[in-house]
Amino acid sequence: MKAELLKGHLDSLVLAALAVEPAHGYGIIARLRDRSRDVFRLAEGTVYPTLHRLERDGLVKSRWTAASGRRRRVYRITRSGREALAVRRLEWKQFSRAVEAVLA
Amino acid sequence: MTYLDQLGDELARVGIRGRQRGRILAEAADHIAEGGAAEFGDPRELAQLFADELATQATRRSAYVAFAALGLAGAGFAVGWRLLILNGTADITSAAFLPLGLVAAFCLIACPQISFAAGLLSLLRAHRLRKQRAAPAAELALLARRTNTALAFGAASLVAFSVYAVDYHAAFSRWQVLGAGVGGILLTLPVAAAAISSRRALSVRSGVPGDAGDMFDDLPVRLPRRPWLVCFALTGALAVVFLGAAGADEGPRNAIAESVLVIGSFAVLGRRLGLRK
């Protein structure tokens, strides 16, 4: 899938990936790839500006942990993040239904 | 040169330094150790992606900080002025050094108004950009110019206040002069803090292309895109207010002085503040 198509929905996708359980950046990318059956492939680094922005907006929180002798930043979704995700899911359903109706 | 070195250099190039840069590099190092650098993305593009968003957020925030600081300083200025002229204003010719006194008196009238206008324009633009993740560099530059102009004229107002009190000390009591001098300096502190915040925001550079726009893009109401027409309409409205507020002697003089100030400021600062293109 074209990266440009994905960019507009990256916030929602990252929130959805974190709604399952907390994860670090690489874990989120892997989760997106798995759940999309390898359709969502994007430059992996681009997930970090999104994560930082979601954190500034209070939709996710993060903290440093240690893993294999390395520092690792683990993100988890906040209550506001879950509320925002619920709204975005609803919007997406309406939008995709409308697009489907037109394209079909 | 490793990928992380390249990313570090690119982050520095776009103005991301210190803790922010350290965090990005630490997260990238962890990611690359697990998945390799090949899929991580072009370091230049990634650094720019961070910068576009950080610059937008920082410039917008510095505009809000500046407006709050100027609001605080403005309230202090108003109280200080009332206390200074408790027993009446000084005779304009009674300054210890008349040229300085005249400049201070002029600045006391002109600078707060310009600061308020620039601050308001800055706030309007920041509000318009509130939902934008990455605003065009030209828009952010205009927002920063408005913020910095508001801060500069705000600071000039406070300096003028202190200078006026000292230069016309013969007309005021000692406590009034001392209070104005110290108060003026104290009130510049929040303005200086806001100026530092604005300077930091400018260090991160957005690379998003696009036009800066002008005041017509910021106003909540649609007006004909004729800047000078709007300027003359505003001047007329203010002249009427000044005519009505003062008596028959001072009203016309004040209205003419205010009109000259508004039109002159529009001519000199119009492009800088995005009032006209």
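Here are the numbers for this structure:
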read-out	value
Some residue of region B:28-37 being surrounded by fewer than 21 Cβ atoms within 10 Å (Cβ to Cβ), assigned by TED's automatic domain parsing to the domain that holds B:SER162 and part of a helix (DSSP H, G or I)	no
Boolean, B:LEU100 is aliphatic (A, V, I, L, M), in contact with a helix residue (DSSP H, G or I) (Cβ under 6 Å, 6 or more places away or on another chain), buried (at least 18 other Cβ atoms within 10 Å of the Cβ) and not assigned by TED's automatic domain parsing to the domain that holds B:GLY264	no
B:LEU72 being surrounded by fewer than 17 Cβ atoms within 10 Å (Cβ to Cβ) and either among the aromatic types (Phe, Trp, Tyr) or outside any helix (DSSP H, G or I) (or both)	no
Among (1) surrounded by fewer than 19 Cβ atoms within 10 Å (Cβ to Cβ); (2) at pLDDT below 95; (3) closer than 25 Å to B:LEU49 by Cβ; (4) more than 9 Å from every other protein chain (Cβ to nearest Cβ), the one test that A:ARG37 misses	(3)
Inter-residue pairs, beta-carbon under 9 Å, first free of Cβ contacts under 8 Å to residues at least 12 places away in the same chain and assigned by TED's automatic domain parsing to the domain that holds B:LEU275 and in region B:109-122, second part of a helix (DSSP H, G or I) and of a type in the set (Gly, Ala, Ser), 6+ apart	none
Sole exception among (1) within 31 Å of the chain's Cα centre (by Cα); (2) more than 30 Å from B:CYS111 (Cβ to Cβ) for B:ILE32, by number	(1)
In region B:40-69, the residues that are crowded, with 24+ Cβ neighbours inside 10 Å, touching a Ser or Thr at 6+ places or on another chain (Cβ under 6 Å) and closer than 18 Å to B:ALA117 by Cα	B:SER62, B:ALA63, B:ALA66
Every pair of residues 6+ apart whose Cβ atoms lie under 7 Å, when the first sits in region B:75-94 and is under 19 Å from B:GLY154 (Cβ atoms) while the second is assigned to a loop (DSSP other than H, G, I, E, B)	B:LEU84/B:PHE172
Tally of residues being in contact with a Leu (Cβ under 7 Å, 6 or more places away or on another chain) and over 25 Å from B:ASP218 (Cβ atoms) across region B:51-82	2
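The values are calculated or read from the model by the stated rules, or taken from the named source; none is laboratory data. Here the structure is a predicted model, which means the values were calculated and not measured. Note that each Cβ is placed from the backbone with ideal geometry, even for glycine, and that neighbours are counted across all protein chains shown.
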